[in-house]
Amino acid sequence: MSASPSAVVGQPFIDFDRVALAYSPSSGNAIEDISLTIHEGEFVAFVGPSGCGKSTFMKLCTGLKRPTAGTVHVDGQAVTGPLKIVGMAFQNATLLPWRTTLHNVLLPLEIVQPYRSRFRREKAAFAERARQLLAKVGLKGYEHKYPWELSGGMQQRASICRALVHQPRLLMLDEPFAALDAFTREELWCMLRDIWAEQRFTVVLVTHDLREATFLADTVYVMSTHPGRILEQRSIELPRPRDLEITYTEEFIDLVHQLRARIGRIRKTETPQ
Amino acid sequence: MKPTALERWAPWLAVVVLLVVWEAICRGFQVSEFIFPAPTAIMQAMIQFAGPIRMHAWQTFWTTMIGFGLGVLVGLLLGLIIGSSRFMYRACYPLLVGFNSIPKVAFVPVLVVWFGIGTVPAILTAFLICFFPIVVNVATGLATLEPEMEDVLRVLGAKRLDVLLKVGLPRSLPYFFASLKVAITLAFVGTVVSETVASNLGIGYLMMSAGASMRMPLVFAGLIVISVMAMAMYELFAWLERRMTGWAHRGQQGSA
Ligand SMILES: Nc1ncnc2c1ncn2[C@@H]1O[C@H](COP(=O)(O)OP(=O)(O)OP(=O)(O)O)[C@@H](O)[C@H]1O
Ligand SMILES: [Mg+2]
């Protein structure tokens, strides 16, 4: 299953055309001149220094914010409001403390159509699906625990299950592994890799971790800050399926180095002013 | 950690000590019953006037409960409106704060002009004094919703009502129940204040008239009856809070 984006043909799934966004008329553009296309099933990662507009990009992509200039198209349609099909997960798991893990994962099915109208009737089937998903991320036996009874890494897994349970075509991850220790993080990389390989939804991953971006993504975008622009688009041609071992190969380390150098240059050229 | 047996009995012990000291002072210094009655004298008054006390206490109780019920309804509604819209929050909050800073006793004469002497002003005073903490708490619970949580729901196509029902309301429940404890005690204050000046029923009135005829033990009996009622209701709502929103407290323990 080779997944270099150039191999995917047809209409782009996400299409940004010279998009800019200023949070308020007086402040400058948070991001500007963003033009890119993402194909269905592609795994893209955004890296860049803090404050460069990665989270802003996510909000534009999902329709939570409207661009002040340019247009965003998703699945051929201009984005005018929140998309309704997206799964999202953040650095903090944002699980609801009054719901058990299972019911947290079920939440999207209570909201998204067509599951919503079938929820009452097919609750047992849905719960079974959520259980299978939880088992896949290693949370078997924790279905009826409350979020505070789970460790940080377990909460994050549950949060990713919640983002996936309605089988979204687009998964948005904003530094989902940033708060975790290195071992858990690598474990969750593999978890995400496997689920993605199986279901092939489109993933937009925001991260500070260049190894994470390189290991998981088909395409890595490097962003610059003030204003946020796309500095470089980098295809990662490493063969799939990728094993964690690959992160110790020379090719991989080279790629990470090159990305690092790109970001290092941003820093250097920007600090003097 | 479980409280030890001694800790559990500590409040009762404190009450007993207080009563003994009180009694001793009254007897030792031969304080006149018309100034500061001893516990035994109060006890006597309670037994002697058990019938009237029960009647007036019942009056105060249901008056307070109606006022409190109104306060919960209005407080919840206002809290929902103010808490779920930034605009309404901005618009109404200063107004509410201003309103709340008026001493509610000042309303009683106005209420008497409008509704005459009796139960209605008492109900309304209880209501006016108790709805504010409910509004503030419910509004705070809703307004402090994490933006990420809202984003997660909105990109699923959730309407505002969905966000409110699935997240906002359950999240503000602990705030709501915490405010009920405060509100119920305030409601008792409102009722009694109004009864003392504008009623011929209720514990407030009983104390007022007993005071006028220099029956101090009966006045104190009234005080004790009110505080027992208010405390019992407080405990009831504290228990309800623990039952309904245990997750909030356990959650804090877990993350602390
Ligand atoms: N709600 C907001 N209101 C005004 N300005 C904002 C808002 N959110 C972000 N910004 C500004 O937009 C710019 C980009 O912010 P954004 O959150 O997208 O950065 P980021 O790349 O996600 O950073 P980090 O890696 O630290 O999460 C920043 O300069 C920030 O100050
Ligand atoms: Mg961010």
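The values are calculated or read from the model by the stated rules, or taken from the named source; none is laboratory data. The shown structure was predicted, so the numbers you read here are calculated from the model rather than taken from an experiment. Positions of Cβ are generated from backbone atoms using ideal geometry, with glycine treated the same way; all protein chains shown enter the neighbour counts.
Among the residues making up the stretch B:129-167, a single one is within 11 Å of chain A (Cβ to nearest Cβ) and in contact (Cβ under 8 Å) with a residue 24 or more places away in the chain: B:Leu145.
For the condition more than 13 Å from ligand 2 (Cβ to nearest atom), surrounded by 17 or more Cβ atoms within 10 Å (Cβ to Cβ) and either touching a residue at least 60 places away in the same chain (Cβ under 8 Å) or on the phi < 0 side of the Ramachandran plot (or both), A:Glu40 does not qualify.
The set of residues in the stretch B:163-191 being within 9 Å of the chain's Cα centre (by Cα) and aliphatic (A, V, I, L, M) consists of B:Leu180, B:Val182, B:Ala183, B:Ile184, B:Leu186, B:Ala187, B:Val189. Out of everything in the stretch A:45-93 that is within 16 Å of ligand 2 (Cβ to nearest atom) and among the β-branched types (Val, Ile, Thr), what residue ends up being surrounded by the fewest Cβ atoms within 10 Å (Cβ to Cβ)? Top of the filtered list is A:Thr56. Where strands (runs of 3 or more DSSP E) fall wholly inside the stretch A:176-243, the ranges with 2 or more residues that are within 16 Å of ligand 2 (Cβ to nearest atom) and within 14 Å of chain B (Cβ to nearest Cβ) are A:202-206. Would you kindly identify the strands (runs of 3 or more DSSP E) lying entirely within the stretch A:38-89 that contain at least 2 residues that are within 13 Å of another protein chain (Cβ to nearest Cβ) and modelled with pLDDT of 90 or more? Ranges flagged: A:86-89.
Among the residues of this structure, B:Leu80 counts as one that is in contact (Cβ under 8 Å) with a residue 24 or more places away in the chain and either within 14 Å of chain A (Cβ to nearest Cβ) or of a type in the set (A, V, I, L, M, F, W, C) (or both). Number of residues in the stretch A:93-106 that are within 20 Å of the chain's Cα centre (by Cα) and within 7 Å of another protein chain (Cβ to nearest Cβ): the value is 1.
Taken over the stretch A:17-37, the residue count meeting the criterion of being exposed (fewer than 14 other Cβ atoms within 10 Å of the Cβ) and touching a helix residue (DSSP H, G or I) at 6+ places or on another chain (Cβ under 7 Å) is 0.
If you go through the stretch B:18-46 and pick out every residue that is over 27 Å from the mean Cα position of the chain (by Cα) and in a helix (DSSP H, G or I), you end up with 12.
Determine whether the stretch A:18-30 contains at least one residue that is more than 16 Å from ligand 1 (Cβ to nearest atom) and either assigned by TED's automatic domain parsing to the domain that holds A:Arg200 or assigned to a strand (DSSP E or B) (or both). Scanning the stretch A:18-30, I find at least one residue that is more than 16 Å from ligand 1 (Cβ to nearest atom) and either assigned by TED's automatic domain parsing to the domain that holds A:Arg200 or assigned to a strand (DSSP E or B) (or both), so the answer is yes.
Please find, within the stretch A:222-267, the residue that is farthest from the chain's Cα centre (by Cα) out of those that are more than 26 Å from A:Asn29 (Cβ to Cβ) and polar (S, T, N, Q). Across the stretch A:222-267, the extreme among qualifying residues is A:Thr249.
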